[in-house]
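Engineer: Let me begin by handing over the structure; questions about it come next.
The values are calculated or read from the model by the stated rules, or taken from the named source; none is laboratory data. If you're wondering where the values come from, they're calculated on a predicted model, not measured in any experiment. All Cβ positions, glycine included, derive from the backbone under ideal geometry; neighbour counts span all protein chains shown. Keep in mind that these areas ignore ligands, DNA and RNA; they rest on the heavy atoms of the full protein, side chains included. Shrake-Rupley method; radii C 1.70, N 1.55, O 1.52, S 1.80 Å.
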Amino acid sequence: MRTRKIIKRIFFSILLIFIIAFTWLSFTVFPAISGYGSKNLCSAVYLQHRNPVDVIKEDLGDFPLSLGTFTVNEKDSSVTGSVWGLAKRKTIYRKGIGCTIVNDLTEEELRKQQFVLPAKPSINSDSIAWPYGDKLTDTIPVNINKEKLEVAVNNVMNEKTADGQTVYSRAVLVIYDGNIVAEKYAPGFDKSTVMLGWSMSKSFTSAMIGILVKKNKLSVDAEAPVAAWANTKKQKITLKHLLQQTTGLDYTEIYTRPSSVTKMLFSKGDMAAYAESLALKHEPGTVFNYSGGNSNILSKIIRQIVGEKDYAAFPYNELFYKINAYSFLMEPDASGTYIGSSYSYAIARDFARFGLLYYNDGVWNGEQILPTNWVKESIQPSAADKLKQYGYQFWLNGYSIKDTSKRRFPDVPADMFFADGYGGQDIYIIPSEKLVVVRLGLHGINENKFLKEVIEAMKN
């Protein structure tokens, strides 16, 4: 009898633990899976025009995303995701602005939103020379070893992880001294395929802030114009703190478990408002903490300063179309603010054009798009950044977290800076080597090895 009671207690204890764990998963992990999957599948189908079966297999096939069930509804251009029927998330596609998860607002309210977007210029880019168009020269500089460069590109296109997993590089573009010298795409992708930039979006957001600084509408040293912070300790947070990721807000950027970033991206309709509401953990300017929340606050500040009438068109009129990058698309959250931390799409060549803008100190076709010293300021780390690895929403070739006496990329020049996104979306800018390199894919690569091989190929 006593043994039965013990077994019964153990059984109910295990059952209780299971119920608590399952409930926790249902409110934290499952919504992130449903949101991530429905959002990415929606954009892949309606922006990239990919086959849903391929997307689910390649992009959503790894655990724990494989727990999700995702359904495309072509009648209303939407995707619904769930985990075992729980934590449903619906993402809708709207022409011109991409896909948005239905959070906080109703689907009807979302579909009624209006975005006044500029028309894309009607030009034949194939008849205009690169970088203002897509007409390429067949001439390769004599200092470039074409065979070595081809090997470097093929290596990264076919790279596997240490455990044998394919990294799925989908596009590689190498620009030397302003000209495309190598370009390759994976099967199913080509020069017309728009691809997700992930956190490279942060660098685009920084550029927009720079444009407003040039127009004397913002100052990086001024307190951030966030109404919710008035008369609080957070009022000390400056625009520079936001740019350099030193706000001190209590935010975690971890995708492998429930965190601030997964809650913000997949469960919040107004992402900036969520980030603004976070507690102040450190004195502003004293601790570096990489945060997509800071980037979305910047995005909302852009909206506030530009005004509702011109906001939707602002990224295109003032940045992307000015650099002949006509494929760019920024996706908004449910509140209508562009997700400046994460969701931008463009073809590889347009990502490269953005890299060239920074390579050329913010000048494009003779026009100073960014403030004169903006690029130089953008690659200066803050005093709080002990590894000297981050500037104005750009990563730097700072010091290794494993060995602070060495650069993160020891075989790459110290002057390299780069826009970096989840899964190895990157625009590497190496002024001393006259290089801009774009790599896009599903998983990260051995960046030091790849860039070392590219650099060596430039020296025949």
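Engineer: Among the numbered criteria (1) closer than 30 Å to GLU318 by Cβ; (2) of a type in the set (A, V, I, L, M); (3) touching a Gly at 6+ places or on another chain (Cβ under 7 Å), which single criterion is violated by ILE445?
Structural biologist: (1)
Engineer: Which of the residues that make up segment 429-447 are in contact (Cβ under 8 Å) with a residue 40 or more places away in the chain and under 30 Å from ASP62 (Cβ atoms)?
Structural biologist: Of everything in segment 429-447, those that are in contact (Cβ under 8 Å) with a residue 40 or more places away in the chain and under 30 Å from ASP62 (Cβ atoms) turn out to be VAL437, VAL438, ARG439, LEU440, GLY441, LEU442, HIS443, GLY444, ILE445, ASN446.
Engineer: Sticking with this structure for a sec: Kindly evaluate ARG94 against the criterion of being more than 25 Å from PHE328 (Cβ to Cβ), modelled with pLDDT of 95 or more and crowded, with 16+ Cβ neighbours inside 10 Å.
Structural biologist: The answer is no for ARG94.
Engineer: Sticking with this structure for a sec: Can you name the residue in segment 5-35 that is of a type in the set (Phe, Trp, Tyr) and modelled with pLDDT under 75 and is also least open to solvent (accessible area, probe 1.4 Å) among such residues?
Structural biologist: Taking segment 5-35 and keeping what is of a type in the set (Phe, Trp, Tyr), we get 11-12, 18, 22, 24, 27, 30.
Restricting the remaining residues to those that are modelled with pLDDT under 75 gives 11-12, 18, 22, 24, 27.
Details: PHE11: 120, PHE12: 108, PHE18: 128, PHE22: 64, TRP24: 134, PHE27: 164 Å².
Filtering first and then ranking leaves PHE22.
Engineer: So, one more: As an exercise: evaluate ILE101 against (1) open to solvent by 80 Å² or more (accessible area, probe 1.4 Å); (2) in contact (Cβ under 8 Å) with a residue 40 or more places away in the chain and give the number of the one condition it does not meet.
Structural biologist: Result: ILE101 passes all but (1).
Engineer: Out of everything in segment 405-429 that is within 16 Å of ALA182 (Cα to Cα) and aliphatic (A, V, I, L, M), what residue ends up being surrounded by the most Cβ atoms within 10 Å (Cβ to Cβ)?
Structural biologist: Applying the filter and picking the extreme gives ILE427.
Engineer: Has segment 335-345 got at least one residue that is of a type outside the set (S, T, N, Q), in contact with a strand residue (DSSP E or B) (Cβ under 6 Å, 6 or more places away or on another chain) and modelled with pLDDT of 95 or more?
Structural biologist: For segment 335-345, residues of a type outside the set (S, T, N, Q), in contact with a strand residue (DSSP E or B) (Cβ under 6 Å, 6 or more places away or on another chain) and modelled with pLDDT of 95 or more: present.
Engineer: Which one of LYS120, LYS88 is open to solvent by 80 Å² or more (accessible area, probe 1.4 Å), part of a strand (DSSP E or B) and either in contact with a helix residue (DSSP H, G or I) (Cβ under 6 Å, 6 or more places away or on another chain) or touching a residue at least 24 places away in the same chain (Cβ under 8 Å) (or both)?
Structural biologist: After applying the criteria, what remains is LYS88.
Engineer: Using beta carbons and a limit of 8 Å, which pairs, at least six apart or on different chains, have the first residue in segment 411-428 and closer than 11 Å to GLY197 by Cβ and the second one open to solvent by less than 20 Å² (accessible area, probe 1.4 Å) and among the β-branched types (Val, Ile, Thr)?
Structural biologist: ALA419/ILE427; ASP426/VAL437; ASP426/VAL438; ILE427/VAL436; ILE427/VAL437; ILE427/VAL438
Engineer: For segment 251-267, enumerate the residues that are buried (at least 20 other Cβ atoms within 10 Å of the Cβ) and over 12 Å from ASN296 (Cβ atoms).
Structural biologist: Answer for segment 251-267, where residues must be buried (at least 20 other Cβ atoms within 10 Å of the Cβ) and over 12 Å from ASN296 (Cβ atoms): THR262, PHE266, SER267.
Engineer: Are any residues in segment 417-432 on the phi < 0 side of the Ramachandran plot and either in contact with a Lys or Arg (Cβ under 9 Å, 6 or more places away or on another chain) or small (Gly, Ala, Ser) (or both), and if so, which ones?
Structural biologist: At the first step, the residues of segment 417-432 found to be on the phi < 0 side of the Ramachandran plot are 417-422, 425-432.
Those that are on the phi < 0 side of the Ramachandran plot and either in contact with a Lys or Arg (Cβ under 9 Å, 6 or more places away or on another chain) or small (Gly, Ala, Ser) (or both): ALA419, ASP420, GLY421, GLN425, ASP426, ILE427, TYR428, SER432.
Engineer: Just give me the residues in segment 318-351 being in a loop (DSSP other than H, G, I, E, B), among the small types (Gly, Ala, Ser) and open to solvent by less than 10 Å² (accessible area, probe 1.4 Å), in sequence order.
Structural biologist: Selection gives ALA325, ALA334, GLY336, GLY340, SER341, SER342.
Engineer: Between a residue in segment 128-139 that is part of a strand (DSSP E or B) and any residue that is of a type in the set (A, V, I, L, M, F, W, C) and at pLDDT 95 or above, which pairs come within a Cβ distance under 7 Å, given they are 6 or more apart or on different chains?
Structural biologist: Matching pairs, first to second residue: LYS135/ILE128; LYS135/ALA129.
Rundown of residues vs (1) among the acidic types (Asp, Glu); (2) within 14 Å of GLY421 (Cα to Cα); (3) open to solvent by less than 10 Å² (accessible area, probe 1.4 Å), yes/no style:
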position	(1), (2), (3)
VAL156	no, no, yes
GLU159	yes, no, no
VAL167	no, no, yes
LEU173	no, no, yes
TYR176	no, no, no
VAL181	no, no, no
PHE204	no, yes, yes
ILE209	no, no, yes
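Engineer: Still on this model: Kindly indicate which of VAL181, VAL213 is within 29 Å of ALA457 (Cα to Cα), at pLDDT 95 or above and not in a loop (DSSP other than H, G, I, E, B).
Structural biologist: After applying the criteria, what remains is VAL181.
Engineer: Can you name the residue in segment 268-297 that is of a type in the set (A, V, I, L, M) and surrounded by 23 or more Cβ atoms within 10 Å (Cβ to Cβ) and is also farthest from THR247 (Cα to Cα) among such residues?
Structural biologist: This residue is MET271.
Engineer: Which one is least open to solvent (accessible area, probe 1.4 Å) among residues in segment 46-78 that are of a type in the set (Val, Ile, Thr) and more than 21 Å from the chain's Cα centre (by Cα)?
Structural biologist: VAL72
Engineer: Within segment 99-115, how many residues turn out to be touching a Pro at 6+ places or on another chain (Cβ under 8 Å) and either in a strand (DSSP E or B) or among the charged types (D, E, K, R) (or both)?
Structural biologist: 1
Engineer: Going through segment 131-179 one residue at a time, which ones are under 18 Å from LEU356 (Cβ atoms), out of contact with any helix residue (DSSP H, G or I) (no Cβ under 9 Å at 6 or more places or on another chain) and among the β-branched types (Val, Ile, Thr)?
Structural biologist: Within segment 131-179, just THR137 meets the criteria.
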